[in-house]
Every structure is written in structure tokens, then in C-alpha cells.
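Below is one structure, written out as C-alpha cells; comments come after it.
The values are calculated or read from the model by the stated rules, or taken from the named source; none is laboratory data. In this text the structure is predicted, and so the values were computed from the model without any measurement. Glycine gets a Cβ as well: all are built from the backbone with ideal geometry, and neighbour counts include every protein chain shown. Ligands, DNA and RNA are stripped out before the accessible areas are found, and what is left, the full protein with its side chains, is counted by its heavy atoms. Shrake-Rupley method; radii C 1.70, N 1.55, O 1.52, S 1.80 Å.
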Amino acid sequence: MRALLSVSDKAGIVEFAQGLEKLGWEIISTGGTYKKLSEAGVKVIEIDEVTKFPECFEGRVKTLNPYVHGGILHKRGDEAHVAQAKELGVEGIDLVCVNLYPFKATIERTEDFDEIIENIDIGGPTMVRSAAKNFNDVYIVTDAADYETVLTALASGEDTYEFRRDLMIKAYEHTAAYDGMIANYMNKRFNNGMGAHQFITGKKVFDTRYGENPHQKGALYEFDNHFTENFKQVKGEASFNNINDVNGALKIASSFGDEPAVCIVKHGNPCGFAIKGDLLESYTEALKCDPVSAFGGVVAVNGVVTKELAEKMNEIFLEVVMAPDFTPEALEVFAVKKRLKLFSQGGGTTLKMSKDAQDFKHVDGGFVFQDSDIVNTDEVHNAELKSSSTASAQEMKDLEIAWKVAALTKSNCVVYVKNSAMVAVGMGMTSRVDAAQCALKKAKEMDLDVSGAAMASEAFFPFRDSVDAAAAAGVKAILEPGGSVRDDEVIEAANEHGIALYFSGVRHFLH
């Protein structure tokens, strides 16, 4: 039995080769892998002894050879294949271990296109595909995490058809993701990221019990190990809907740097948000916005959850709490809540987001793809004053909070914030005036005083009616993008009511 080992990432390869050698396998290798194995004392055959042809063109051609691919691809159970292999002097290669040139690391390190081109692997993917095609006869190993599993299977003789098939599937996933990454990079570099094809690949983190509903299958996939590194199931199992709600809460709570922000979300929409002196006070104020909706909600905490905060949270039923970390004392408090799920990011004091550069949404028959919508604090600080009245420092802080929450909430949306706490929100409405009025109606039901609040809308007001309604409620400052044909009427209304009105010039629809 012969194994061909040619890896870019050499972690564990010596031990794998030594394990194969102990099992009686003959080892063939190339370039740097050959050198490393030789230096480690592994008896290894250099590839040109098999190909009968020297490595050439600066290493671009090493394994593209019929002695290699014939050795991999001929079917051992086919008499004609076996006879032809013998006639041509082709010996079998029964295991292929390959991982590919570090294209991702290269594009993260340099813009030098010549160097990038040289880090596109050709022989590696070809060998992987050949071995995967002939998986019934050949083991294809593309993941260092499988080295020990493969050695165990070979030693025990439990190398079943299903085992080889699983290695084959992983191999094609490996080459598909690799080629997709190259195509996406080239389109980003030369076609503004919007090429003729778009490839979206993710690695499975875990299966969810089901999707949005019990009759749907579901799973979480990640880009660049984001969830592997930043999502720990501390207590309970994350459902499909939990992940979606946590994502919405995280985006808002993490938008304020290291400030003690707390966001409460229900069905993907915020029903509470505050930034106060500490996390306990922030949670207490966030809860006041809509304690009815918060029941069974998801809370994202931009800081470490303490015993005191846990005790406050335990006063109502919450579905999920997400935080950078929890103190041991907080976990003891939460232990009595059997249905509560706790997720952390594994340490630290502030929440982290991956800040994906692109965004996409499924539509029937395909998906729409776009650059991610980035919400910048500068949009508030550099907003253009349109009224004769100006906002106070606290009102500017309230406008910043209202603006970010509105930008990350389903359109049409209007958000009211007072003293750094959200006091009313209207979201997902078919008209902006309905969103504004719905928010005020909810605030009245909750007995919340909106007077003195700041208001933000993620898109322009098409009429002055929303400003009139805000004024009637006592709103003192408004931030909106501007851009309506009736902007003059809106500005006039703000001046009539003594409201400070700012235009950001940026729209943040979220559908």
C-alpha cells in the first residue's frame, strides 16, 4: 500500500506519516513535505521517482503526471483497469493526503498579484478530486483533524465504504470552498465584488433541533471560525430562532464600543435598550420600555453578567441571555431557571461581531447580494442641522442611540430615546407615520413619559405629520436622513415646534 503526502499546512504530518509507516505503508512525498518527513527519519520516496520526470517550472508541475493520477484513479476491482495499469507500469496510490496552498492567508497578507497567483494550488486540488472520485479504492485525507481517525480505521480494519465516502464528501467540500474563495477574490479585485457568479460557503458549527418550525431542518454555519471562537453554549441548546434573535440583539448591543449597553429582543426586533452607569441599571431601564414583550425574550449584555444582574433577570422569564462572559456566581443564580439558555463569547468584557463585508438575503429562486450596511457614529456627529433649535449634549447622545437602533431594526422604523434609554419603538410598519404613532401608543400603554425624548427614523419623513405627532408627545430632537421632496415642510414643522432637526444624509433601510 502506498500513500502520497503533500501538504501546505504541515501540522501533524510527521506523526501521520510515522503512523502509516508502522502499519506497513510506503510513503511518497513532494517538495517541503518530503524534506520535513526525511528530516524526521521517515523513509520517504520523492515524487520524481514515481513520475520519472523532474519537478519543473518553479514547482508549478510536480504531480500532474499519469503515474500519479493513473495510480490514484484506476479501479482496483476492474480487470481491464488493473491490466492496463500493469502494462503501463502504473503502481497504485492508495491514500492521498493533501491540503492546499494558503490562498486565504496570502490575500490577507499582501496585494502583490504575482504572489497571489503563485499561491493558487493546481496539483493539490487535482489530486484531491482524483482520489475523491475513486474513493472506493483510495482514502482521501484533507483535514489534519482526521489523521488519528484514519490511522485508527486502518489499524482496526474498520475502513468501511461509508468511512471512505465521508472522507470523499469532505474532500469535495474542501476543493469547492477553495475554488469559490479564489473566484470571489478575483471578482472583488476586478469586478467590484459582483461577478457573474457569487459563491457563499460556510462551515457547519452544529445542527439545530429544527428550523423556524418543527417540520424544517436547521443548522448553523460560520465564516472564518467566527462562531467556533465566539459562541459558547453555556447552558441549554441554541435553536434556529435563538440564533436569529441573538444576532439582532448582538448587533445593537455591540454598536456602542465598551459602553454598558443592554438590548432586549423579541422575534428579531428590539423591545428594550439602554446605556446607563452600569449593566444592572441599563437592564432595568431597558426592561421598562416593553416588559410585556420582554417576557420570553432574548437579552444581549455588553459586559460580564454578575450575580446581581442575574438575580434581576431572574425576576421574569427570559429565553436567552448572551454576554461576553458570566461570573460563576451568576451561573449559580441562573441554574434554577430550567428553560433559560445562556450563551457567551468565551471571555472578554465586550461583545464582538464579525462585521461581515457582504450581506445576502434569500429570495425565491436565488438570493440578492450586497455590501453590508455599516452604521457609523460619524453619521450622527456630522449630521447637518436643519432647524433653528439645536440639541443638547444629552439629546445628541440620545439621537446616536436612536439612530443606531433604528438602523438595525426592521423598516419602516421610528425610535424614541430619553436619557440614554429607549422609551418607544415602532418597527416593520407599512408607513412611517404609522410607525411613529404606534410607538407613541405603546409608550402610553406602558405609562412611559416620552416628553424630552430624541427621535430617529432610518429613512426620510415623506410628510410633516410624523414631526407634528412627535411634537405633540414632547420630542425635542429628531435625526433622519432627509431627501424627501417635502423636506422644506418637515423643516418648517420642526421650527414651528422648536424641535432640533438634523439630516444625516444616509438611509438605513432594513428589510
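Relative to the Cα centre, what is the charge dipole magnitude of the chain, using +1 at the beta carbon of each Lys and Arg, -1 at the beta carbon of each Asp and Glu, and rounding to the nearest 20 debye?
Details: 53 positive and 76 negative charges, 184 e Å.
Dipole magnitude for the chain comes out near 880 debye.
If the cut-off is a Cα-Cα distance under 21 Å, which lysines reach Lys276, setting aside same-chain residues fewer than 8 apart in sequence?
Of all the lysines, those that pass the test against Lys276 - Cα under 21 Å, at least 8 places apart if same chain - are Lys251, Lys288, Lys307, Lys312, Lys352, Lys397, Lys404, Lys418, Lys476.
Computed over the Cα atoms of region 351-414, what is the convex hull's projected area averaged over all directions, in nm²?
Working: hull surface 26.3 nm².
For the Cα atoms of region 351-414, the hull's average projected area reads 6.6 nm².
Report in % the part of the accessible area of region 315-405 that belongs to carbon and sulfur, leaving out ligands and nucleic acids; probe 1.4 Å.
Details: 2430 of 4890 Å².
Heavy-atom surface of region 315-405 belonging to carbon and sulfur, 1.4 Å probe: 50 percent.
Could you list the GluC sites (Glu not before Pro) in region 283-391 that lie in coil according to DSSP, counting only those with at most 13 other Cβ atoms within 10 Å of their Cβ?
Working: sites: Glu285, Glu308, Glu311, Glu315, Glu319, Glu329, Glu332, Glu379, Glu384; in loops: Glu315.
Of the GluC sites (Glu not before Pro), the ones in loops of region 283-391 whose Cβ has at most 13 other Cβ atoms within 10 Å are Glu315.
What distance in nm separates the simple spin-label points at Asn136 and Asp356, each placed 7 Å from Cα in the Cβ direction?
Each label point lies 7 Å from its Cα, and together they span 3.9 nm.
Tell me the carbon and sulfur percent of the accessible area for region 79-157, rounded to whole percent, probe radius 1.4 Å. If you can, show how the numbers build up before the last one.
On the way: 1960 of 3900 Å².
C and S atoms contribute 50 percent here.
How many nm separate the modelled label positions at Glu87 and Phe509, each set 7 Å beyond the Cα in the direction of the Cβ?
Reported label-point gap for Glu87 and Phe509 is 6.6 nm.
Compute, for region 337-432, the length of the dipole vector about the Cα centre, with Cβ point charges of +1 (Lys, Arg) and -1 (Asp, Glu) only. Units Debye, rounded to 20. The partial results should precede the final answer.
On the way: 13 positive and 11 negative charges, 165 e Å.
Its charge dipole is roughly 800 debye.
Take the alpha carbon atoms of region 135-201, find their center, do the same for region 408-483, and report the distance between the two centers in whole angstrom.
Here the answer is 50 Å between Cα centres.
Placing unit charges on C-beta atoms (Lys and Arg positive, Asp and Glu negative, everything else neutral), compute the dipole magnitude of region 269-377 about its Cα centre in debye, rounded to 20. Don't skip to the answer; put the middle values down first.
Working: 11 positive and 16 negative charges, 53 e Å.
Approximately 260 debye in magnitude.
How about region 25-111: which GluC sites (Glu not before Pro) there lie in a loop by DSSP and see at most 11 other Cβ atoms within 10 Å?
Numbers: sites: Glu26, Glu39, Glu46, Glu49, Glu55, Glu58, Glu79, Glu87, Glu91, Glu108, Glu111; in loops: Glu55, Glu58, Glu91, Glu111.
In loop regions of region 25-111 (DSSP not H, G, I, E or B), the sparsely surrounded GluC sites (Glu not before Pro) are Glu58, Glu111.
What shape does region 1-151 take by its C-alpha gyration tensor, where a ≥ b ≥ c are the square roots of the eigenvalues and a/c under 1.5 counts as rounded, a/b above b/c as prolate, and the rest as oblate? All intermediate terms of the calculation are to be shown ahead of the outcome.
Numbers: a/c = 1.71, a/b = 1.37, b/c = 1.25.
It comes out prolate by the Cα gyration axes.
Can you give the FRET efficiency for Asp364 and Thr160, using 1/(1 + (r/R0)^6), R0 = 51 Å, r = Cβ-Cβ distance, to the nearest 0.05?
0.80
What number, rounded to the nearest 500 deg cm²/dmol, is the helix-based mean residue ellipticity at 222 nm of the chain, given -39500 (n - 2.57) per DSSP H run of at least four residues and division by all its residues? All intermediate terms of the calculation are to be shown ahead of the outcome.
Working: 21 runs with 207 residues, N = 511.
Theoretical 222 nm ellipticity from helices: -12000 deg cm²/dmol.
Assuming R0 = 22 Å, can you tell me the calculated FRET efficiency for the pair Glu329 and Glu259, based on Cβ-Cβ distance, to the nearest 0.05? Spell out each step's value before the answer.
On the way: r = 24 Å, r/R0 = 1.08.
Result of the calculation: an efficiency of 0.40.
Given the convex hull over the Cα atoms of the chain, what projected area results after averaging over all orientations, in nm²? Intermediate values should be presented prior to the final figure.
Working: hull surface 119.2 nm².
Result: 29.8 nm².
Pairs of Cα atoms under 8 Å, at least six residues apart: use those to get the relative contact order of the chain, whole percent. The partial results should precede the final answer.
Numbers: 1009 pairs, mean separation 41.5, N = 511.
Value for the chain: 8 percent.
Ignoring any ligand, DNA or RNA, what whole percent of the accessible area of region 464-503 comes from carbon and sulfur when the probe is 1.4 angstrom? It would help to have the intermediate numbers written out before the result.
Numbers: 660 of 1490 Å².
Here it works out to 44 percent.
Kindly state, to the nearest 0.05, the FRET efficiency for Tyr221 paired with Phe190, given R0 = 35 Å and r defined as their beta-carbon distance. Before the final figure, lay out each step's value.
Details: r = 27 Å, r/R0 = 0.78.
That pair, Tyr221 with Phe190, gives E of 0.80.
Could you tell me whether region 442-511 comes out rounded, prolate or oblate from its Cα gyration tensor? Rule is a ≥ b ≥ c as square roots of the eigenvalues, rounded for a/c under 1.5, then prolate if a/b exceeds b/c, otherwise oblate. Before the final figure, lay out the partial values.
Working: a/c = 2.06, a/b = 1.34, b/c = 1.53.
Oblate shape, in that a/c is at least 1.5 and b/c is the bigger or equal ratio.
Per 0.36 nm of contour for each residue apart, how much would the distance between Thr228 and Glu311 grow if the chain were fully extended, relative to their Cα-Cα spacing?
Working: separation 83, 0.36 × 83 = 29.88 nm, distance 2.91 nm.
Result for the pair: 27.0 nm of gain on full extension.
Mind running the shape call on region 108-211? Use the C-alpha gyration tensor, a ≥ b ≥ c as the square roots of the eigenvalues: rounded below 1.5 for a/c, prolate if a/b tops b/c, oblate otherwise.
Details: a/c = 2.54, a/b = 1.72, b/c = 1.48.
The shape class here is prolate.
Taking every DSSP beta bridge with both residues inside region 352-511, roughly what % is antiparallel (nearest 5)?
On the way: 17 of 24 bridges.
Of the beta bridges lying entirely in region 352-511, close to 70 percent run antiparallel.
Of Asn382, Val414, Ala393, whose Cα points farthest to the positive end of the dipole of region 375-423 (charges on the beta-carbon: +1 Lys, Arg; -1 Asp, Glu; origin at the Cα centre)?
After comparing all options, I get Val414.
Leaving out ligands and nucleic acids, note down the accessible area per residue over the chain with a 1.4 angstrom probe, in whole Å².
Working: 24790 Å² over 511 residues.
In whole numbers, the chain has 49 Å² accessible per residue.
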